[in-house]
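Colleague: If you scroll down you'll find the structure; I have some questions about it.
The values are calculated or read from the model by the stated rules, or taken from the named source; none is laboratory data. No experiment lies behind these values; they were computed from the predicted model shown. In this analysis, Cβ positions are derived from the backbone assuming ideal geometry, glycine residues included, and neighbour counts consider all displayed protein chains.
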Number of protein chains: 2
Amino acid sequence: MARPTITDVARAAGVSKGAVSFALNDRPGISSDTRRRILDVAASMGWTPSAGARALSTSRALAVGLVLARAPEVLRADAFFPSFIAGLETVLSERGHALLLQVAERDDHAAYRRLVAEGRVDGVLVTDLHVDDTRPALLAELDLPAVLVGPDLGESWGPRQVACGADDAPAVRETVQHLLDLGHTRIAHVAGPQQLVHGRSRRGAWEQVLREAGVAVGPVVEADFSAESGARATAQLLDLAERPTAIVYANDLMATAGLGVAHERGVDVPTELSITGFDDTEIAAHLRPALTTVRTDVVAWGRAAARRLLQLVDGVSTDSTGETGETGETGENGGTGETDVPPARLVVRASTAPAPTLTHQGDRP
Amino acid sequence: MARPTITDVARAAGVSKGAVSFALNDRPGISSDTRRRILDVAASMGWTPSAGARALSTSRALAVGLVLARAPEVLRADAFFPSFIAGLETVLSERGHALLLQVAERDDHAAYRRLVAEGRVDGVLVTDLHVDDTRPALLAELDLPAVLVGPDLGESWGPRQVACGADDAPAVRETVQHLLDLGHTRIAHVAGPQQLVHGRSRRGAWEQVLREAGVAVGPVVEADFSAESGARATAQLLDLAERPTAIVYANDLMATAGLGVAHERGVDVPTELSITGFDDTEIAAHLRPALTTVRTDVVAWGRAAARRLLQLVDGVSTDSTGETGETGETGENGGTGETDVPPARLVVRASTAPAPTLTHQGDRP
DNA sequence: GGCGCCACCTAAACCGGTTTAGTGACGTGT
DNA sequence: ACACGTCACTAAACCGGTTTAGGTGGCGCC
């Protein structure tokens, strides 16, 4: 037999459809023994609610969307999404929400519009934020709850669009400081795309520490997070007359490619050149030399983002009726404890070592 | 204003709800100028159908599910999913279907049951097939259309459960033959889990070629596709009294870790040891030495799997009514051209070279 | 003993679509 | 001129839930 419906349960229990609905949703107005009988009957028939029907009557989709605004080939070696998705899902599934994925290589605006137009999602997650990203404004206009995956930089778009994520900058600062402590003074940077906020913030942190330390802000090459671009950037840096003694890469993939280029040119890592990555990909610890890099807990980040999004979705019970607005206290869901994401931290391995020419003038006794 | 409904469109166009539905679905019974008028009105109001409502009345969810039966930490460095998902999505989105993701670390049976119980999906994709996998039987029992992502080995479960994917074996055979051609006779294998079909098939192919060539079937270490396990397995192989001169790894991640171990022990790759991987991850070409490996077109695979699944879903118009069964010709969707996946092929780079002790007795003039 | 009230439950409307049955106008054949 | 068929469309049922408005019975109370 096909899936039993609520009507089947009602008939079997000898009550009305409405009674069954009340009983199943723990609402008052049903005596406790009737409630128990209904629940028993429902369980014995193996009844489960139809997500679609429920969504239709409550106007809630019980699903959230994640739009990946990347070309398939860029998605290929990504260190972020699989873990992030895993984190999201653990939270979403235990709260009865589904995760809808959409890959929108180009026109991601259309993808968002479509998700909301078809009523498929209650909210979305936005990744790979650009500087001057137009998506937050779009989502605010659509009044679609959204978590912008990235550090909260105090911007504000709409009441239901918030940022969630750890700031990369402190860990990058820690990385550069680590290199300074090792006596490096020519510290280069292979940056991610500067129109991406995380590309920009990593570069900003690198620059800031050097500036504060009174060290020359070394050469920087803008790359695109791909291995290929990392290799090119490294070649470029190693061709410089004044070769850097250390290179801070914006991610592990570029750092690994850079390691290959250095090896090919006979530049020894770490004695002649220190390199650092970002992500702590699984392979980082197994490279030779093992890569000094920054570890982020992406799974926890995913969990936090999911919790935050569900808060937003639940925060406004009924929209556009306007009635609920008068209390003004959406703050009851504002607890941030479980939506904090653990900070990234430096993991020192073998790819960093004291600078070759020891200009290291003993800041230790 | 909120999203316009079909009723709003009907009122605005001065016709009934039904007429609008007919017009929008290109069904006969509407004069062409009325149809045009309705379409114009709908377009000008910015109307789009609600996926949920449509799903409810047609009993089709317009969504398919992908259950990832892996722990988050295993998902982390996966070379397969991001590309595969990208491939899936390109096809699904242009056909109006959504992709639902679920991560079920342990009990994936429950995940499938839930997806079908809630009526969220029209079909699912099953990855990471085990030998004696119980999922195909479950899906057959649930009568849920499913594409089993892997080579078609001729098994048959239910009428709506089919395999889709390229066979790994030919490319692995090509790899081993490549090593034989280079004069290697002690060719080891670091295998994936043997309860996974792709782990087993790669090992089987390796073994078969050696056997057919009359070469000793070298040592094999079963690992789990992780970098850590690849490193351990490599150490174990290099500790052998009769050290292999080549190692065939079941994936790039383990091969890369193996490269690190070899380097650490001062075993030069490729002059003393040849190694090969599988996947052609983005970093493979940028390692030193660059990794000889097998390239698979995972994006195309995803596209093919999505097309095949949609064929299955569309194949049976109405289920459980039984009426449609008498024609028996589900074959009209059976065209396989667009659901073929390009075969994997060997990419020779720098990590393979002639065997060190030249027992290579000139098969070339 | 009649009143009101509360607890418990039923009937029916509703969400936004699809689909079937039915209706009126018009054209056609004999 | 009349039955008949077709076309174009409307009205209403339906999918499977939720929610609101009503209705019934039992009880306490004056």
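Colleague: Whether any residue in the range B:172-191 is closer than 29 Å to B:GLY123 by Cβ and surrounded by 17 or more Cβ atoms within 10 Å (Cβ to Cβ) is what I want to check.
Modeller: Kept after step one, since they are closer than 29 Å to B:GLY123 by Cβ, are these residues of the range B:172-191: none.
No, there is no match, as no residue in the range B:172-191 is closer than 29 Å to B:GLY123 by Cβ and surrounded by 17 or more Cβ atoms within 10 Å (Cβ to Cβ).
Colleague: Right, next: When you look at A:THR281, is it β-branched (Val, Ile, Thr), more than 13 Å from every other protein chain (Cβ to nearest Cβ) and in contact (Cβ under 8 Å) with a residue 60 or more places away in the chain, yes or no? Before you say what the answer is, go through the steps one by one.
Modeller: Details: β-branched (Val, Ile, Thr): yes; more than 13 Å from every other protein chain (Cβ to nearest Cβ): no; in contact (Cβ under 8 Å) with a residue 60 or more places away in the chain: yes.
Answer is no for this residue.
Colleague: Which ones in the range A:256-277 are at the interface with another protein chain (Cβ under 10 Å from one of its Cβ atoms) and under 26 Å from the mean Cα position of the chain (by Cα)?
Modeller: Matches in the range A:256-277: A:THR256, A:ALA257, A:GLY258.
Colleague: Follow-up question, since we're still on this one. From the list A:ASP122, A:ASP128, which one is touching a helix residue (DSSP H, G or I) at 6+ places or on another chain (Cβ under 7 Å) and of a type in the set (Asp, Glu)?
Modeller: Values: A:ASP128 fails: touching a helix residue (DSSP H, G or I) at 6+ places or on another chain (Cβ under 7 Å).
After applying the criteria, what remains is A:ASP122.
Colleague: Please tell me if B:ARG295 is more than 8 Å from every other protein chain (Cβ to nearest Cβ), surrounded by fewer than 22 Cβ atoms within 10 Å (Cβ to Cβ), in contact with a strand residue (DSSP E or B) (Cβ under 8 Å, 6 or more places away or on another chain) and not polar (S, T, N, Q).
Modeller: On the way: more than 8 Å from every other protein chain (Cβ to nearest Cβ): yes; surrounded by fewer than 22 Cβ atoms within 10 Å (Cβ to Cβ): yes; in contact with a strand residue (DSSP E or B) (Cβ under 8 Å, 6 or more places away or on another chain): yes; not polar (S, T, N, Q): yes.
Answer is yes for this residue.
Colleague: Of the conditions (1) within 8 Å of another protein chain (Cβ to nearest Cβ); (2) of a type outside the set (D, E, K, R); (3) in contact (Cβ under 8 Å) with a residue 40 or more places away in the chain; (4) in a strand (DSSP E or B), B:ALA61 clears all except one; give me its number.
Modeller: (4)
Colleague: Going by the conditions given, is A:VAL248 at pLDDT 95 or above, in contact with a strand residue (DSSP E or B) (Cβ under 8 Å, 6 or more places away or on another chain) and buried (at least 21 other Cβ atoms within 10 Å of the Cβ)?
Modeller: Details: at pLDDT 95 or above: yes; in contact with a strand residue (DSSP E or B) (Cβ under 8 Å, 6 or more places away or on another chain): yes; buried (at least 21 other Cβ atoms within 10 Å of the Cβ): yes.
Here the answer is yes, as A:VAL248 does meet what is asked.
Colleague: For A:ASP128, state whether it is in contact with a strand residue (DSSP E or B) (Cβ under 7 Å, 6 or more places away or on another chain), within 27 Å of A:ARG295 (Cβ to Cβ) and more than 8 Å from chain B (Cβ to nearest Cβ). Break it down into steps so the answer makes sense when it comes.
Modeller: Numbers: in contact with a strand residue (DSSP E or B) (Cβ under 7 Å, 6 or more places away or on another chain): yes; within 27 Å of A:ARG295 (Cβ to Cβ): yes; more than 8 Å from chain B (Cβ to nearest Cβ): yes.
Yes.
Colleague: Continuing with this model, one more query. Hey, can you tell me all the residues within the range A:87-115 that are part of a loop (DSSP other than H, G, I, E, B), charged (D, E, K, R) and more than 10 Å from chain B (Cβ to nearest Cβ)? Even if it seems obvious, please write down each step before you answer.
Modeller: Taking the range A:87-115 as the starting set, the residues that turn out to be part of a loop (DSSP other than H, G, I, E, B) are A:95-97, A:104-107.
Restricting the remaining residues to those that are charged (D, E, K, R) gives A:95, A:105-107.
Selection gives A:ARG95, A:ARG106, A:ASP107.
Colleague: Taking the condition of being of a type outside the set (A, V, I, L, M, F, W, C) and within 7 Å of DNA strand D (Cβ to nearest atom), how many residues in the range B:8-31 meet it? Write out each step before concluding.
Modeller: First, pick out the residues of the range B:8-31 that are of a type outside the set (A, V, I, L, M, F, W, C): B:8, B:11, B:14, B:16-18, B:21, B:25-29, B:31.
Then keep just the ones that are within 7 Å of DNA strand D (Cβ to nearest atom); that gives B:14, B:16-18, B:28-29, B:31.
Here the count works out to 7.
Colleague: Out of curiosity, is A:LEU196 within 14 Å of another protein chain (Cβ to nearest Cβ), closer than 27 Å to B:GLU73 by Cα and in contact (Cβ under 8 Å) with a residue 60 or more places away in the chain?
Modeller: On the way: within 14 Å of another protein chain (Cβ to nearest Cβ): no; closer than 27 Å to B:GLU73 by Cα: yes; in contact (Cβ under 8 Å) with a residue 60 or more places away in the chain: yes.
No; evaluated as a whole, the condition is false for this residue.
Colleague: If you don't mind, another one. Would you pick out the residues in the range B:74-86 that are assigned to a helix (DSSP H, G or I) and either at the interface with another protein chain (Cβ under 7 Å from one of its Cβ atoms) or out of contact with any helix residue (DSSP H, G or I) (no Cβ under 6 Å at 6 or more places or on another chain) (or both)?
Modeller: Selection gives B:VAL74, B:LEU75, B:PHE81, B:PRO82, B:SER83, B:ILE85, B:ALA86.
Colleague: Taking the range B:1-18, which residues are more than 14 Å from every other protein chain (Cβ to nearest Cβ), out of contact with any helix residue (DSSP H, G or I) (no Cβ under 7 Å at 6 or more places or on another chain) and either more than 7 Å from DNA strand C (Cβ to nearest atom) or closer than 13 Å to B:SER50 by Cα (or both)?
Modeller: B:ARG11, B:GLY14 - these are the residues of the range B:1-18 that are more than 14 Å from every other protein chain (Cβ to nearest Cβ), out of contact with any helix residue (DSSP H, G or I) (no Cβ under 7 Å at 6 or more places or on another chain) and either more than 7 Å from DNA strand C (Cβ to nearest atom) or closer than 13 Å to B:SER50 by Cα (or both).
Colleague: When you check A:LEU240 against the structure, is it within 28 Å of B:ALA77 (Cα to Cα) and either of a type in the set (A, V, I, L, M, F, W, C) or out of contact with any Leu (no Cβ under 6 Å at 6 or more places or on another chain) (or both), yes or no?
Modeller: Details: within 28 Å of B:ALA77 (Cα to Cα): no; either of a type in the set (A, V, I, L, M, F, W, C) or out of contact with any Leu (no Cβ under 6 Å at 6 or more places or on another chain) (or both): yes.
No.
Colleague: Give the number of residues within the range B:192-236 that are within 19 Å of the chain's Cα centre (by Cα) and either in a loop (DSSP other than H, G, I, E, B) or of a type in the set (A, V, I, L, M, F, W, C) (or both).
Modeller: Qualifying residue count for the region: 9.
Colleague: Kindly indicate whether A:ALA213 is buried (at least 23 other Cβ atoms within 10 Å of the Cβ) and among the small types (Gly, Ala, Ser). Break it down stepwise before answering.
Modeller: Numbers: buried (at least 23 other Cβ atoms within 10 Å of the Cβ): no; among the small types (Gly, Ala, Ser): yes.
So A:ALA213 does not fit the description; no.
Colleague: Let me ask something else. If you take the residues in the range B:23-48 that are in a loop (DSSP other than H, G, I, E, B) and crowded, with 18+ Cβ neighbours inside 10 Å, which one is nearest to DNA strand C (Cβ to nearest atom)? Step through it out loud before you land on a result.
Modeller: Quick first cut of the range B:23-48, residues in a loop (DSSP other than H, G, I, E, B) only: B:25-31, B:46-48.
Among the residues that remain, those that are also crowded, with 18+ Cβ neighbours inside 10 Å are: B:30, B:47.
Working: B:ILE30: 11, B:TRP47: 7 Å.
Applying the filter and picking the extreme gives B:TRP47.
Colleague: Against the conditions (1) more than 19 Å from the chain's Cα centre (by Cα); (2) more than 13 Å from DNA strand D (Cβ to nearest atom); (3) more than 7 Å from every other protein chain (Cβ to nearest Cβ), where does B:THR48 fall short? Just the number, please.
Modeller: (3)
Colleague: Ok, one more. Tell me, please, whether a residue that is more than 13 Å from DNA strand D (Cβ to nearest atom), outside the structural domain of A:THR127 (by TED's automatic domain parsing) and surrounded by fewer than 17 Cβ atoms within 10 Å (Cβ to Cβ) can be found in the range A:65-81.
Modeller: Among the residues of the range A:65-81, not one is more than 13 Å from DNA strand D (Cβ to nearest atom), outside the structural domain of A:THR127 (by TED's automatic domain parsing) and surrounded by fewer than 17 Cβ atoms within 10 Å (Cβ to Cβ), which makes the answer no.
Colleague: Taking the options B:LEU88, B:LEU56, B:LEU62, name whichever one is more than 16 Å from DNA strand D (Cβ to nearest atom) and of a type in the set (A, V, I, L, M, F, W, C). It would help to see each step written out before you state the result.
Modeller: Numbers: B:LEU56 fails: more than 16 Å from DNA strand D (Cβ to nearest atom); B:LEU62 fails: more than 16 Å from DNA strand D (Cβ to nearest atom).
B:LEU88 is the lone residue from the list that is more than 16 Å from DNA strand D (Cβ to nearest atom) and of a type in the set (A, V, I, L, M, F, W, C).
Colleague: Select from the range B:131-145 the residues that are in contact with a strand residue (DSSP E or B) (Cβ under 7 Å, 6 or more places away or on another chain) and in a helix (DSSP H, G or I) and list them in ascending order.
Modeller: Here is the first cut: in the range B:131-145, the residues in contact with a strand residue (DSSP E or B) (Cβ under 7 Å, 6 or more places away or on another chain) are B:135-136, B:139-140, B:144-145.
Of everything in the range B:131-145, those that are in contact with a strand residue (DSSP E or B) (Cβ under 7 Å, 6 or more places away or on another chain) and in a helix (DSSP H, G or I) turn out to be B:ARG135, B:PRO136, B:LEU139, B:ALA140.
Colleague: Among the residues of the range B:145-162, which ones are of a type in the set (Lys, Arg) and surrounded by fewer than 13 Cβ atoms within 10 Å (Cβ to Cβ)? Outline the logic, then answer.
Modeller: Filtering the range B:145-162 for residues of a type in the set (Lys, Arg) gives B:160.
Across the range B:145-162, there are no qualifying residues.
Colleague: Next question. Among the residues of the range B:116-125, what is the count of those that are out of contact with any strand residue (DSSP E or B) (no Cβ under 9 Å at 6 or more places or on another chain) and assigned to a loop (DSSP other than H, G, I, E, B)? Let's see the steps before the verdict.
Modeller: Here is the first cut: in the range B:116-125, the residues out of contact with any strand residue (DSSP E or B) (no Cβ under 9 Å at 6 or more places or on another chain) are B:117, B:119.
Right, trim to assigned to a loop (DSSP other than H, G, I, E, B) and you get B:119.
Here the count works out to 1.
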